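Participant: After the structure tokens below, expect a handful of questions from me.
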Amino acid sequence: PSPIQQAAIPVLLEGKDLIGQAQTGTGKTAAFAVPALAKLDLSLNAPQILVLTPTRELAIQVAEAMQTYARHMKGFRILPVYGGQGMDTQLRQLKRGVHAVVGTPGRIQDHIRRNTLKLQTLQTVVLDEADEMLDLGVREDLEFILDAAPAERRTLMFSATVPRPIVSLAKRFQRNAVRLETTTEQRQHNDIEYRALTVAPSDRENAIINVLRYFEAKSAIVFCATRESVNRMTSRFTNRGFSVV
């Protein structure tokens with residue numbers, strides 16, 4: 001187990017609320033998912049775990065990880081729920097019954113208001129990457145969801161940083177929460193070299209292509225801000241002979 005898993009899992013198996021401060025990529029998902037799954041009642045065909053994430057990509061990733069951890073739990077069902085996906089598909093699966101739901105605050109709130117996601121049986125609510133969600137301005141959505149959840153549920157918050165808004169959220173919605181911090185003074189991912197190149201906006205796409213060629217990168221990830229940028233860069237790479245997806 002990673003440091004956050006070693007610290008968090010015993011606390012969560014005791015049924016306590018938790019604020020866990022750890023960087024992305026340190027095994028936070030297993031830290032909250034394993035103990036939550038251990039307390040699951042598979043005979044109850046209703047949501048018992050709710051995980052809130054800032055993005056649809058993280059929702060899918062967390063749902064897939066939890067499905068993997070639960071691979072020996074016969075009949076376990078989990079549903080990722082997020083905007084941009086057809087509502088009909090989500091409604092059908094919720095009606096059929098799931099044990100865990102992972103989703104973005106906006107779409108989760110939508111389902112609660114429609115009464116298509118019922119929270120009466122909820123045991124655990126997890127705010128994953130809580131600082132990122134607050135940065136996205138969804139505090140009201142989070143408060144609505146936490147207010148709608150049963151009072152006796154456990155509330156877990158995992159975050160890379162714990163700014164004042166998270167502290168105030170914790171005071172309002174958690175009970176005697178244990179606070180764990182596993183971040184170190186050392187910079188995260190010390191094996192990575194960081195470089196910045198300043199280019200004119202009109203040269204940016206050519207600069208990205210030239211950087212990859214200069215370093216003869218066998219593989220690379222290029223992050224873009226928008227869907228349109230992703231599509232445009234994909235076309236540019238294809239036209240230049242790169243194998244790209």
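The values are calculated or read from the model by the stated rules, or taken from the named source; none is laboratory data. All values reported here derive from a predicted model rather than from experimental measurement. Note that each Cβ is placed from the backbone with ideal geometry, even for glycine, and that neighbours are counted across all protein chains shown. The area values use the complete protein model at the heavy-atom level, side chains included, leaving out ligands, DNA and RNA. Shrake-Rupley method; radii C 1.70, N 1.55, O 1.52, S 1.80 Å.
Participant: Pairs needed: first member in region 70-91, farther than 17 Å from Arg56 by Cα; second member anywhere, open to solvent by 50 Å² or more (accessible area, probe 1.4 Å); C-beta distance under 8 Å; at least 6 residues apart or different chains.
Facilitator: Filtered contacts from region 70-91: Met73/Leu42; Lys74/Leu42; Gly75/Leu42; Phe76/Leu42; Phe76/Gln67; Arg77/Gln93; Arg77/Arg96.
Participant: Find the residue count for region 91-131, including only residues that are within 25 Å of Lys28 (Cβ to Cβ) and touching a strand residue (DSSP E or B) at 6+ places or on another chain (Cβ under 8 Å). So that I can check it myself, show each step before the final result.
Facilitator: Taking region 91-131 and keeping what is within 25 Å of Lys28 (Cβ to Cβ), we get 98-109, 111-112, 117, 119, 121-131.
Subsequent filtering for residues that are touching a strand residue (DSSP E or B) at 6+ places or on another chain (Cβ under 8 Å) retains 98-105, 107-108, 111, 117, 119, 122-131.
Going through region 91-131 one residue at a time, the tally reaches 23.
Participant: Here's another thing I want to ask about it. Quick check on this structure: which one of Gln93, Gln67 is open to solvent by 30 Å² or more (accessible area, probe 1.4 Å), part of a helix (DSSP H, G or I), closer than 17 Å to Leu40 by Cα and not hydroxyl-bearing (Ser, Thr, Tyr)? So that I can check it myself, show each step before the final result.
Facilitator: Numbers: Gln93 fails: closer than 17 Å to Leu40 by Cα.
Among Gln93, Gln67, only Gln67 is open to solvent by 30 Å² or more (accessible area, probe 1.4 Å), part of a helix (DSSP H, G or I), closer than 17 Å to Leu40 by Cα and not hydroxyl-bearing (Ser, Thr, Tyr).
Participant: Quick one: is Pro80 closer than 21 Å to Arg154 by Cα, open to solvent by 20 Å² or more (accessible area, probe 1.4 Å) and touching a helix residue (DSSP H, G or I) at 6+ places or on another chain (Cβ under 7 Å)? Even if it seems obvious, please write down each step before you answer.
Facilitator: Values: closer than 21 Å to Arg154 by Cα: yes; open to solvent by 20 Å² or more (accessible area, probe 1.4 Å): yes; touching a helix residue (DSSP H, G or I) at 6+ places or on another chain (Cβ under 7 Å): yes.
So Pro80 passes the test.
Participant: Additional query: Collect the residues in region 23-49 that are under 21 Å from Ala160 (Cβ atoms) and touching a strand residue (DSSP E or B) at 6+ places or on another chain (Cβ under 7 Å), keeping them in residue-number order.
Facilitator: Of everything in region 23-49, those that are under 21 Å from Ala160 (Cβ atoms) and touching a strand residue (DSSP E or B) at 6+ places or on another chain (Cβ under 7 Å) turn out to be Lys28, Ala31, Phe32, Ala36.
Participant: Another question about this same structure. Taking the criterion of being out of contact with any Cys (no Cβ under 9 Å at 6 or more places or on another chain), part of a strand (DSSP E or B) and within 21 Å of Ile112 (Cβ to Cβ), would at least one residue in region 28-49 satisfy it? Walk me through how you get there before you give the answer.
Facilitator: Quick first cut of region 28-49, residues out of contact with any Cys (no Cβ under 9 Å at 6 or more places or on another chain) only: 28-49.
Applying the additional criterion that residues be part of a strand (DSSP E or B) yields 49.
Filter once more, keeping what is within 21 Å of Ile112 (Cβ to Cβ): 49.
The answer is yes, given that some residue of region 28-49 is out of contact with any Cys (no Cβ under 9 Å at 6 or more places or on another chain), part of a strand (DSSP E or B) and within 21 Å of Ile112 (Cβ to Cβ).
Participant: Sort through Ala130, Ala170, Ala160, Ala149 and tell me the only one that's at pLDDT below 90 and open to solvent by less than 30 Å² (accessible area, probe 1.4 Å). Explain how you work it out, then say what you get.
Facilitator: On the way: Ala130 fails: at pLDDT below 90; Ala170 fails: at pLDDT below 90; Ala149 fails: at pLDDT below 90.
Criteria check complete, one pass: Ala160.
Participant: Further, regarding this structure: With respect to the numbered conditions (1) at pLDDT below 90; (2) exposed (fewer than 13 other Cβ atoms within 10 Å of the Cβ); (3) under 29 Å from the mean Cα position of the chain (by Cα), which one is the sole condition not fulfilled by Val245?
Facilitator: Just one mismatch for Val245, condition (1).
Participant: Across region 12-31, which residue is most open to solvent (accessible area, probe 1.4 Å) among those that are at pLDDT 90 or above and of a type in the set (A, V, I, L, M)?
Facilitator: Checking each candidate, the answer is Leu13.
Participant: Let me ask something additional. Please go through region 32-64 and give me each residue that is in contact with a helix residue (DSSP H, G or I) (Cβ under 9 Å, 6 or more places away or on another chain), open to solvent by less than 60 Å² (accessible area, probe 1.4 Å) and either among the β-branched types (Val, Ile, Thr) or over 16 Å from Phe158 (Cα atoms) (or both), ordered by number.
Facilitator: Leu37, Pro47, Gln48, Ile49, Val51, Thr53, Thr55, Val62
Participant: Another question, if that's okay. Quick check on region 1-27: of everything there that is among the β-branched types (Val, Ile, Thr) and part of a helix (DSSP H, G or I), which residue is nearest to the chain's Cα centre (by Cα)?
Facilitator: If we filter region 1-27 for residues that are among the β-branched types (Val, Ile, Thr), which is where we start, we get 4, 9, 11, 19, 24, 26.
Right, trim to part of a helix (DSSP H, G or I) and you get 4, 9, 11.
Details: Ile4: 16, Ile9: 18, Val11: 21 Å.
Applying the filter and picking the extreme gives Ile4.
Participant: Only one residue in Gln109, Gln85 is assigned to a helix (DSSP H, G or I), polar (S, T, N, Q) and over 20 Å from Leu40 (Cβ atoms), so which one is that? Step through it out loud before you land on a result.
Facilitator: Values: Gln85 fails: assigned to a helix (DSSP H, G or I).
Sole residue among the options that is assigned to a helix (DSSP H, G or I), polar (S, T, N, Q) and over 20 Å from Leu40 (Cβ atoms): Gln109.
Participant: Let me ask you something else. Could you figure out which of (1) closer than 17 Å to Glu152 by Cα; (2) free of Cβ contacts under 8 Å to residues at least 40 places away in the same chain isn't true of Pro10?
Facilitator: Evaluating Pro10 over (1) closer than 17 Å to Glu152 by Cα; (2) free of Cβ contacts under 8 Å to residues at least 40 places away in the same chain leaves (1) as the failure.
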